[in-house]
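Report on the structure given below.
The values are calculated or read from the model by the stated rules, or taken from the named source; none is laboratory data. The structure presented is a predicted model; accordingly, all values stated were derived computationally and were not measured. When we count neighbours, we look across all protein chains shown, and the Cβ atoms used for this are built from the backbone with ideal geometry, even at glycine. Ligands, DNA and RNA are excluded from the accessible area calculation, which covers all protein heavy atoms including side chains. Shrake-Rupley method; radii C 1.70, N 1.55, O 1.52, S 1.80 Å.
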Amino acid sequence: MSIASPASPLSPPADVAETAGAVPAEAVVKTRRRRADLLVAATALVLAVWVTGALWSDPAHRASGVNSGDQAFFEWLLSYGAYALTHGADPLFTHLLNVPDGVNLAVNTSISVYAFVFAPLTILAGPAMTFLVILTLNLAGTAYAWYWLFSRHLGANRIGAAVGGLFCGFAPAMISHANAHLNWTAQWVIPLIIARCLLLVRRDKPLRDGALLGLLIAVCFSIAAEALFFTALALGVFTLVWVLSRRTEVKALVRRVLAGLGSGALVAGVLLAYPLYLHFAGPQRYHGTGFDPHVHNEDLAAYAAWPERSLAGAVGLNTDLAANPTEENSFFGLPLLLLVIIGLVVLWRRTDRSHRANLLGLGVTAFVFFLLSLGPELRWLGRLTAIPMPEALIGGLPVFNAALPSRLALIVAPVFGLVLAWLATALSRTDGGSMRVTLPSPRWAWVAALTVALLPLVPMPLLARERAAVPDFFTSGQWREYVADGGTVVPVPITNDLLPDGQRWQAAAMADASGAGEGVFRLPAGFFLGPGGPNGTGRIGPIPRPTQTLLEQVAKTGKAPDITDADRAALREDLRYWNASIVVLGDDVHGAHWPTYQPALKTVMTDLLGPPQRVADVWLWKTPPA
């Protein structure tokens, strides 16, 4: 086996090296490669549309069936990015949300690159359409990017790379995070970063390769900073193992690798200077997410379980071992788990010693992240066992405390994908790839093992639910007749992650204002991460004011309490604090995780502020005099 990887840093891919000087043969190889590339890209796109199909049936009125709150947040980010771009506003800090304190978007998932690139689509078609386009392209692009890395840089032939790439793009964790996570599904950038790191080792163009690496780091930080952190850790673990295994080869590489890393650090440092300042020293920052690592840790049994949105899940073989439906970060199934372990052992025994450093590095990296994903305390079949785990030693460190332990399992999936790519390459018996290993007979047994391991993981479409359209009062711009410059619209109930309507209203208004060049109203509270958690950690939204707590309880229970003068005084104080212009209640109130009770909300608001006006398709109360 000859893998074009750090084990042979200066070797070109085998299919190119073998045809050098033979123009007709090289032309044939390039033609076949283009056809394979197009076929994999088309397959990935078809699968991505299949997975997101329930949303494509009606993008304006359909939302994630299990995570509509996060979908509303990302739609808001896309609209705010378009608004910031067209109005010259700060893309990473805004006072349009969480009046009067504002929101530091650098400590949230700002996805600024996406928001800027797709701003024309957001303005023309609205943030819901932009969200769905990006989500679909994320899945397809991730699958193709891993295929490209495996076939161009890591020794797999086209068939093997397709198997491994499609697995990585539609792995259980990817399908789970496709429930509205535009950040975690954007893993197409990770193979590009890895490829640039490989080129730093293989060729002597450190300044150019390093500069491109720095650019990719800046892009990844904007879209998914947590994924960038995990990638850096994984590359660090792999590199350490490889260096210790191949110490005699390292000296010749040190100069250009350090030069490339320096070039990359300079480019990334310039591009990320302001985001990093806001992240670590800016207003409304926090340290640590505030999420309990004893809850958001991977269950040991989950590695052998099957995910919900898979063929196995469709026939009832899934298990409820994740913290929530968006965090099935392992769930590989026992057949795949066994196949990868056996495959690594077989590849190790049948390759030459010079390439075992690659396999050792991959195995150690996967094992390290497997252990860390289990969190500070081992969980088995849904129960904590009181057995301490290694993550407890590092989970409280800066930066580490901002990462959910279970998500560290996301690093394991690409390792599995690469092993699958190498096994399929050895089995496919086609040209291309630099694999030179024969698997033990019989061949049909390996093909059967791959089928049994991968067939249950075939993804099923995401669940979707109906979502009321944004009221015409906001999409038509009629709100401008009632809101003074810099004024605040107070939605009923107050916006948070469970009740996202207000943020959707503002997102629609920002998309409209981006095209018309006009201003937009502000909102109290909102769905975002900010300070206020225990011990200086973060929390979702601000600490609720009395009116927010009251209205959320009414929305959730449908019970209208007796309103007192103290409640009315608290409301007046809250409206003054928010600089409110109007209070608005829609005909439909969307609850992200439970049903809501709009009639009870209307009754309570009438007791608080008197009878409302009917304006367009909303109920409206003007702010009473101070």
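Worth pointing out:
- Qualifying residue in segment 159-167 (condition: open to solvent by 10 Å² or more (accessible area, probe 1.4 Å) and either touching a Lys or Arg at 6+ places or on another chain (Cβ under 7 Å) or more than 29 Å from Leu427 (Cβ to Cβ) (or both)): no
Let's see how each residue does on (1) modelled with pLDDT of 90 or more; (2) of a type outside the set (Val, Ile, Thr):
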site: Val267; (1), (2): yes, no
site: Pro275; (1), (2): yes, yes
site: Thr289; (1), (2): no, no
site: His296; (1), (2): yes, yes
site: Ala302; (1), (2): yes, yes
site: Ser310; (1), (2): yes, yes
site: Asp320; (1), (2): no, yes
site: Glu328; (1), (2): yes, yes
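- Counting only helices (runs of 4 or more DSSP H) that sit completely within segment 9-121, those holding 2 or more residues that are crowded, with 24+ Cβ neighbours inside 10 Å and modelled with pLDDT of 95 or more correspond to 23-51, 68-87, 112-117.
- Checked against the criteria, Val554 counts as farther than 25 Å from Asp485 by Cβ, among the β-branched types (Val, Ile, Thr), open to solvent by less than 70 Å² (accessible area, probe 1.4 Å) and modelled with pLDDT of 95 or more.
- A Cβ distance below 8 Å, combined with a sequence gap of six or more or placement on separate chains, defines the contacts here; from segment 604-626, residues that are over 19 Å from Ala569 (Cα atoms) and open to solvent by less than 50 Å² (accessible area, probe 1.4 Å) reach residues that are polar (S, T, N, Q) and assigned to a strand (DSSP E or B) in the pairs Leu620/Gln613.
- With respect to the stated conditions, Ala509 is open to solvent by less than 20 Å² (accessible area, probe 1.4 Å), touching a residue at least 24 places away in the same chain (Cβ under 8 Å) and in a helix (DSSP H, G or I).
- Count - residues of segment 397-411 that are over 18 Å from Tyr303 (Cβ atoms) and either touching a residue at least 24 places away in the same chain (Cβ under 8 Å) or of a type in the set (Val, Ile, Thr) (or both): 5
- Qualifying residues in segment 122-135 (those that are open to solvent by less than 20 Å² (accessible area, probe 1.4 Å) and either of a type in the set (Lys, Arg) or free of Cβ contacts under 8 Å to residues at least 60 places away in the same chain (or both)) - the one farthest from Leu276 (Cα to Cα): Thr130
- Residue match in segment 496-503 (condition: out of contact with any helix residue (DSSP H, G or I) (no Cβ under 7 Å at 6 or more places or on another chain), at pLDDT 95 or above and buried (at least 24 other Cβ atoms within 10 Å of the Cβ)): yes
- Look at (1) small (Gly, Ala, Ser); (2) within 30 Å of Leu47 (Cα to Cα); (3) in contact with a helix residue (DSSP H, G or I) (Cβ under 7 Å, 6 or more places away or on another chain) and you find that Gly264 fails only one, number (2).
- Scanning segment 557-603 for residues that are of a type in the set (Asp, Glu), farther than 29 Å from Pro100 by Cβ and open to solvent by less than 60 Å² (accessible area, probe 1.4 Å) turns up nothing.
- Residue tally, condition aliphatic (A, V, I, L, M) and open to solvent by 10 Å² or more (accessible area, probe 1.4 Å), over segment 179-212: 9
- Total residues in segment 304-334, condition hydroxyl-bearing (Ser, Thr, Tyr), within 19 Å of Trp380 (Cβ to Cβ) and open to solvent by less than 10 Å² (accessible area, probe 1.4 Å): 1
- So Leu450, is it open to solvent by 10 Å² or more (accessible area, probe 1.4 Å), in contact (Cβ under 8 Å) with a residue 60 or more places away in the chain, farther than 26 Å from Pro325 by Cβ and among the hydrophobic types (A, V, I, L, M, F, W, C): yes
- Scanning segment 466-481 for residues that are under 30 Å from Gly313 (Cα atoms), open to solvent by less than 70 Å² (accessible area, probe 1.4 Å) and not aliphatic (A, V, I, L, M) yields a single hit, Arg467.
- Candidate set: segment 235-265, residues that are among the charged types (D, E, K, R) and crowded, with 17+ Cβ neighbours inside 10 Å; chosen: the one nearest to the chain's Cα centre (by Cα): Arg256
- Residue within segment 181-200 that is within 17 Å of the chain's Cα centre (by Cα), closer than 25 Å to Leu311 by Cβ and part of a helix (DSSP H, G or I) present: no
- Looking only at residues in segment 278-301 that are touching a residue at least 40 places away in the same chain (Cβ under 8 Å) and assigned to a helix (DSSP H, G or I), the one that is nearest to the chain's Cα centre (by Cα) is His279.
- Hey, Met174 surrounded by fewer than 24 Cβ atoms within 10 Å (Cβ to Cβ) and over 26 Å from Gly264 (Cα atoms) or not: no
- Qualifying positions in segment 340-391 - open to solvent by 60 Å² or more (accessible area, probe 1.4 Å) and either within 15 Å of Asp299 (Cβ to Cβ) or of a type in the set (A, V, I, L, M) (or both): Ile341, Ile342, Val345, Leu360, Trp380, Leu381, Arg383, Leu384, Ala386, Ile387
- Top-ranked residue of segment 521-532 - restricted to ones that are modelled with pLDDT of 95 or more and outside any strand (DSSP E or B), ranked as surrounded by the fewest Cβ atoms within 10 Å (Cβ to Cβ): Leu523
- Out of Ile582, Ile563, sole residue that is more than 35 Å from the chain's Cα centre (by Cα), under 28 Å from Ser476 (Cα atoms) and either in a strand (DSSP E or B) or not hydroxyl-bearing (Ser, Thr, Tyr) (or both): Ile582
- Candidate set: segment 533-551, residues that are part of a loop (DSSP other than H, G, I, E, B), under 21 Å from Gly591 (Cβ atoms) and in contact with a Pro (Cβ under 9 Å, 6 or more places away or on another chain); chosen: the one most open to solvent (accessible area, probe 1.4 Å): Arg545
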